[in-house]
Amino acid sequence: MVSDDHQQCAQSKNVCVIGAGPSGLVAARELRKEGHRVVVLEQNHDVGGQWLYDPNTDQTEVHSSVYASLRLTSPREIMGYTDFPFVLKKGRDVRRFPGHKELWLYLKDFCQRFGLREMIRFNTRVEYVGMLDCGELIIGNDLIKWVVKSKEKKADKVVEEVFDAVVVATGHYSYPRLPSIKGMDKWKRKQMHSHIYRVPEPFRNEVVVVVGNSLSGQDISMELVEVAKEVHLSAKSLNISEGLSKVISKHNNLHLHPQIDCLREDGRVTFVDGCWVTADTILYCTGYSYSFPFLDTKGIVVVDDDRVGPLYEHTFPPSLAPSLSFVGIPRKLIGFPFFESQAKWIAQLLSGKRTLPSWDQMMQSVKEFYHSRDVAGIPKHNTHDIANFEYCDRYADQIGFPHLEEWRKGLCISALVNSDANLETYRDSWDDHELLQEALQSPHFTQLNAQAFD
């Protein structure tokens, strides 16, 4: 809701944004646009977050999960922020579903266009974020301040600063989620999560079991099948897409199995149907968990089986908002425009232009949301999987942000349907030409027509 009291005198806050990926960059831009003083702390040497490819997985901590051959699963037209379309650039990857480097370059372009680098401290790791102890805990108003301790990579000294607000924008693809399988701890051969998978060559002539048939599991299996002796894809359900079925029928060395029952010390992997295979490597494509090891909220915000909560609209902890907020937690939506709407809401709350509902109303909303998910039979670890355009539009209405364009929704659905039917070819062969023309002639693209092919 709009605040009448603050319309004439917007407040400027000192805000710390943690992370310079897609959600952190747009948060920084919107906060500064609203008149706040912003510092962005980024542990890597450049912007991009997840999209900053890192071929070296031998380090103790790897942030990016991007593998060398990864291409976008959505067409570029739907990916851009509302006022900065993801246009083709001369001399770059001009495919509709480009490789990961092209999206990273888009984020660098975004950063340059809006002068964001000057706000970012690179190679700076956040060690601790907690409430400033003022003798008593003041909940739910502007008096909460935050202590942020950070450390530069090559420095010994920990820097301690105090901010009026903290925006957590650390992404959700950095902490591997592993299944619990009987015998995992005793299986002595190679086990790894797709988080550190980069190229297929190390698996040449191996027997590999890939666990999980998400899009990344399917993509990696299709890549491994060209070099591995055998690839065994273990899926929760054998009711697979037409596209995956076509791929399996094409390759004699790609086999589908149900879930794993147990792992045996002699290298055998036994599936729940009694079949077994002796494998060299097990590759877990089993998704990611939310984790905020630096964040101390005295137990107010917790991660319980990948449910980060309580969060009003996946963004605001009712007891600590708006001084603490999260951007980029929701999954299964068109990310960049949604992150932008989150950033605008946060920026306007901090300036006093808008106010949140009461604590009781926010907690009731969270409770009702959890109940609706339970009734629908959605597991707790899928709490933040949205998969609902209407939700994104309702969220946008909170701040008068534009709804997702119909062409954007249409192109998203078209890509999902095509990938389901034509897994190997959907990125290079499509039939949504009319929607594509509608998109390219829309204000989203014509607003920056002059920038195309710079």
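Rundown of residues vs (1) aliphatic (A, V, I, L, M); (2) more than 26 Å from Leu411 (Cα to Cα); (3) in contact with a helix residue (DSSP H, G or I) (Cβ under 6 Å, 6 or more places away or on another chain), yes/no style:
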site	(1), (2), (3)
Arg95	no, no, no
Gly99	no, no, no
Asp109	no, no, no
Gln112	no, yes, no
Val126	yes, yes, no
Leu132	yes, yes, no
Residues of the stretch 291-311 satisfying the condition of being in contact with a Ser or Thr (Cβ under 6 Å, 6 or more places away or on another chain) and either among the acidic types (Asp, Glu) or not in a loop (DSSP other than H, G, I, E, B) (or both)
Asp306, Arg307
Mind checking which residues of the stretch 318-338 are within 22 Å of His381 (Cβ to Cβ), among the hydrophobic types (A, V, I, L, M, F, W, C) and not in a loop (DSSP other than H, G, I, E, B)?
Phe326, Phe338
Residue hits (the stretch 200-234; under 19 Å from Arg268 (Cβ atoms), touching a helix residue (DSSP H, G or I) at 6+ places or on another chain (Cβ under 8 Å) and not in a strand (DSSP E or B)) are Phe203, Ala228
Residues being outside any strand (DSSP E or B), of a type outside the set (Asp, Glu) and surrounded by 15 or more Cβ atoms within 10 Å (Cβ to Cβ): count how many of those fall in the stretch 268-290.
5
Considering the stretch 306-332, residues that are open to solvent by less than 10 Å² (accessible area, probe 1.4 Å) and among the hydroxyl-bearing types (Ser, Thr, Tyr), and then whichever is nearest to Leu132 (Cα to Cα), we arrive at Ser323
Residue among Leu254, Leu263 that is farther than 30 Å from Thr170 by Cβ, buried (at least 16 other Cβ atoms within 10 Å of the Cβ) and in contact with a Gly (Cβ under 6 Å, 6 or more places away or on another chain):
Leu263
Look through the stretch 15-70, keep the residues that are charged (D, E, K, R) and modelled with pLDDT of 95 or more, and return whichever of them is nearest to Gly171 (Cα to Cα).
Glu42
Do we find a residue being touching a Phe, Trp or Tyr at 6+ places or on another chain (Cβ under 6 Å) and open to solvent by 30 Å² or more (accessible area, probe 1.4 Å) anywhere in the stretch 132-140?
yes
When the residues of the stretch 84-131 are narrowed to those that are farther than 29 Å from Val158 by Cβ, of a type in the set (A, V, I, L, M) and not in a loop (DSSP other than H, G, I, E, B), which ends up farthest from the chain's Cα centre (by Cα)?
Leu105
Anything in the stretch 189-235 that is open to solvent by 30 Å² or more (accessible area, probe 1.4 Å) and touching a Gly at 6+ places or on another chain (Cβ under 8 Å)? List them, or say none.
Arg189, Ser214
Could you check Gln364 against (1) under 16 Å from the mean Cα position of the chain (by Cα); (2) more than 19 Å from Thr170 (Cβ to Cβ); (3) open to solvent by 30 Å² or more (accessible area, probe 1.4 Å) and say which number it fails?
(1)
Here's a check for you: in the stretch 333-360, which residue that is out of contact with any Ser or Thr (no Cβ under 8 Å at 6 or more places or on another chain) and charged (D, E, K, R) is least open to solvent (accessible area, probe 1.4 Å)?
Lys344
Scanning the stretch 400-439 for residues that are surrounded by fewer than 16 Cβ atoms within 10 Å (Cβ to Cβ), assigned to a loop (DSSP other than H, G, I, E, B) and of a type in the set (Asp, Glu) gives Asp428, Asp431
Can you tell me how many residues within the stretch 291-305 are free of Cβ contacts under 8 Å to residues at least 12 places away in the same chain and either under 19 Å from Glu230 (Cα atoms) or surrounded by 15 or more Cβ atoms within 10 Å (Cβ to Cβ) (or both)?
0
Can you pull out every residue in the stretch 370-386 that is in contact with a strand residue (DSSP E or B) (Cβ under 8 Å, 6 or more places away or on another chain) and β-branched (Val, Ile, Thr)?
Ile378, Thr383, Ile386
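The values are calculated or read from the model by the stated rules, or taken from the named source; none is laboratory data. Just so we're clear, the structure is a prediction, and the values are computed from it rather than from any experiment. Note: ideal-geometry Cβ built from the backbone for every residue, glycine included; neighbour counts use all protein chains shown. Just the protein is used for accessible areas: all its heavy atoms, side chains included, with ligands, DNA and RNA removed. Shrake-Rupley method; radii C 1.70, N 1.55, O 1.52, S 1.80 Å.
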